[in-house]
Amino acid sequence: MDWDELFTMQRQLDKYIEENHDLSNTNLFEHKYLALLVELGELANETRCFKFWSNKPRNESNIILEEYVDGIHFILSLGLEKGYRFKSKKLDETTKTETEQFNEVFDACTTFKKSASKENYESLFSTYLQLGQLLGFSELDIQNAYYKKNEINYERQDKGY
């Protein structure tokens, strides 16, 4: 998939938010990093993959996809903060469980925060895409859900979210 269009859309949304909230001179990296961690936790909660003590089923796939795309928004935004863009490449298939893959993504987040290199950014992005594959999402699913959620994010900004 060509991620350039999503990076462009994310840059426009970030600019819109920064202007509406008078944040143009604020370093938002720490905020976006924490937001990504929160979204990742919300995504894990929707899958319930780690809740070994519970018999309650996971949420519906469309809800999980919407939470997943929230993470894509922040990963794109973090890349823009550092001047990085992700280029599609063939991902290695993971043999990890969902819980193990979530932990891999959390580790990749921490590594990127400690050293915000392009290599660590690409690792974070790839690890997150592998999680998406494991959750059953194609790149087209992710792209279409991003378009939809991006529109919702603008509506929320316009309504004072």
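Numerical summary
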{"item": "Every residue from region 64-95 that is of a type in the set (Gly, Ala, Ser) and either out of contact with any Phe, Trp or Tyr (no Cβ under 7 Å at 6 or more places or on another chain) or crowded, with 20+ Cβ neighbours inside 10 Å (or both)", "result": "71, 77, 79, 83"}
{"item": "Output for region 101-131, where each listed residue is among the small types (Gly, Ala, Ser), under 11 Å from residue 82 (Cβ atoms) and in contact with a helix residue (DSSP H, G or I) (Cβ under 6 Å, 6 or more places away or on another chain)", "result": "116"}
{"item": "Enumeration of residues in region 96-153 that are surrounded by fewer than 17 Cβ atoms within 10 Å (Cβ to Cβ), small (Gly, Ala, Ser) and farther than 21 Å from residue 44 by Cβ", "result": "115, 117"}
{"item": "Residue check, residue 50 farther than 22 Å from residue 85 by Cβ, of a type in the set (Phe, Trp, Tyr) and either touching a Lys or Arg at 6+ places or on another chain (Cβ under 8 Å) or surrounded by 13 or more Cβ atoms within 10 Å (Cβ to Cβ) (or both)", "result": "yes"}
{"item": "Pick from region 60-91, criterion out of contact with any helix residue (DSSP H, G or I) (no Cβ under 7 Å at 6 or more places or on another chain) and closer than 21 Å to residue 124 by Cα, ranking: modelled with the highest pLDDT", "result": "83"}
{"item": "Criterion violated by residue 3 - all others in (1) among the hydrophobic types (A, V, I, L, M, F, W, C); (2) modelled with pLDDT under 95; (3) over 14 Å from the mean Cα position of the chain (by Cα) satisfied", "result": "(3)"}
{"item": "Close pairs (9 angstrom Cβ cut-off, 6 or more residues apart or separate chains): among the hydroxyl-bearing types (Ser, Thr, Tyr) in region 87-114, exposed (fewer than 12 other Cβ atoms within 10 Å of the Cβ) anywhere", "result": "88/2; 99/52"}
{"item": "Residue match in region 45-59 (condition: under 16 Å from the mean Cα position of the chain (by Cα), modelled with pLDDT of 95 or more and under 18 Å from residue 139 (Cα atoms))", "result": "no"}
{"item": "Test for residue 39: is it of a type in the set (D, E, K, R) and in a helix (DSSP H, G or I)", "result": "yes"}
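The values are calculated or read from the model by the stated rules, or taken from the named source; none is laboratory data. This structure is a prediction, so every number in the text was calculated from the model and none was measured. Virtual Cβ from ideal backbone geometry, glycine too; neighbours counted across all protein chains shown.
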